[in-house]
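Notes follow once the structure below has been shown.
The values are calculated or read from the model by the stated rules, or taken from the named source; none is laboratory data. These numbers come from a predicted model, not from an experiment. As a convention, Cβ positions derive from the backbone with ideal geometry for all residues, glycine included, and neighbour counts pool all protein chains shown.
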Amino acid sequence: MLLRWNNSCASSHNKQSRATASPSETASRSNRPIEKAGNLLHEAVTHDLLSGSPSPEKIQHLNEQMLQVESNWLDPAGIPGRSWFQHLLYSSRYTYAHLEFPGLTEAVEKRDWKLAAQQAALLEKAVEKNTKLLRSAYSSWEKNKP
């Protein structure tokens, strides 16, 4: 999803200026490690759930880690201009239409490249944090095999 958005953003931005990179490039570079970490965890958990081996405590611990992943997508400051929307990945427009990467998308639409770079940096930080958390969850899950 981030890669698809980045490609459309990059295409639009490159028409404006060939000399600089798309403001979402930084965030999209982090996409692959988080995808790999998520897939590893998903496969390990799915395998164990299908075999019936995980304990309720192990599942509870994983649930707590996944809640933290979701919380990491929140920015307490909110998106620029609408502090009540704190989610970095999803929001809505003033029309209530769905909006992905709201802070970044709106900055790019305004052609505010400084703000777009700041929003991309927030996304990158959240992606890095969640990648580490998913890797930790995977290690914890695998370490506690019966």
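Checking each residue in the range 90-120 for being of a type in the set (A, V, I, L, M, F, W, C), in contact (Cβ under 8 Å) with a residue 40 or more places away in the chain and part of a helix (DSSP H, G or I) picks out Leu104, Ala107, Val108, Trp113, Ala116, Ala117, Ala120.
Against the test of being at pLDDT 95 or above and among the charged types (D, E, K, R), the options Arg82, Arg111, Arg29 yield a single qualifying residue, Arg111. The test for being surrounded by 15 or more Cβ atoms within 10 Å (Cβ to Cβ) and either at pLDDT 95 or above or outside any loop (DSSP other than H, G, I, E, B) (or both) does not hold for Pro23. Are any residues in the range 68-85 closer than 11 Å to Leu122 by Cβ and touching a Pro at 6+ places or on another chain (Cβ under 8 Å), and if so, which ones? Residue satisfying the conditions is Ile79 alone.
One residue stands out in the range 100-146 among those that are hydroxyl-bearing (Ser, Thr, Tyr) and out of contact with any strand residue (DSSP E or B) (no Cβ under 7 Å at 6 or more places or on another chain): the one that is farthest from Val45 (Cα to Cα), namely Thr131.
Going residue by residue through the range 67-89, is there one that turns out to be assigned to a helix (DSSP H, G or I), in contact (Cβ under 8 Å) with a residue 60 or more places away in the chain and not polar (S, T, N, Q)?
Step one: filter the range 67-89 for residues assigned to a helix (DSSP H, G or I), giving 67-71.
If we keep only those that are in contact (Cβ under 8 Å) with a residue 60 or more places away in the chain as well, we get 68-69.
Now narrow it down to the ones that are not polar (S, T, N, Q): 69.
Yes - at least one qualifying residue is present in the range 67-89.
Over 26 Å from Pro33 (Cα atoms), in contact (Cβ under 8 Å) with a residue 60 or more places away in the chain and in contact with a helix residue (DSSP H, G or I) (Cβ under 8 Å, 6 or more places away or on another chain): is that true of Arg135 in this structure?
Numbers: over 26 Å from Pro33 (Cα atoms): no; in contact (Cβ under 8 Å) with a residue 60 or more places away in the chain: yes; in contact with a helix residue (DSSP H, G or I) (Cβ under 8 Å, 6 or more places away or on another chain): yes.
So Arg135 does not fit the description; no.
Scanning the range 107-116 turns up no residue that is in contact with a Phe, Trp or Tyr (Cβ under 6 Å, 6 or more places away or on another chain) and not basic (Lys, Arg). The condition (being over 27 Å from Leu40 (Cβ atoms), surrounded by fewer than 20 Cβ atoms within 10 Å (Cβ to Cβ), over 19 Å from the mean Cα position of the chain (by Cα) and aliphatic (A, V, I, L, M)) is satisfied by just one residue among Ala77, Ala97: Ala97.
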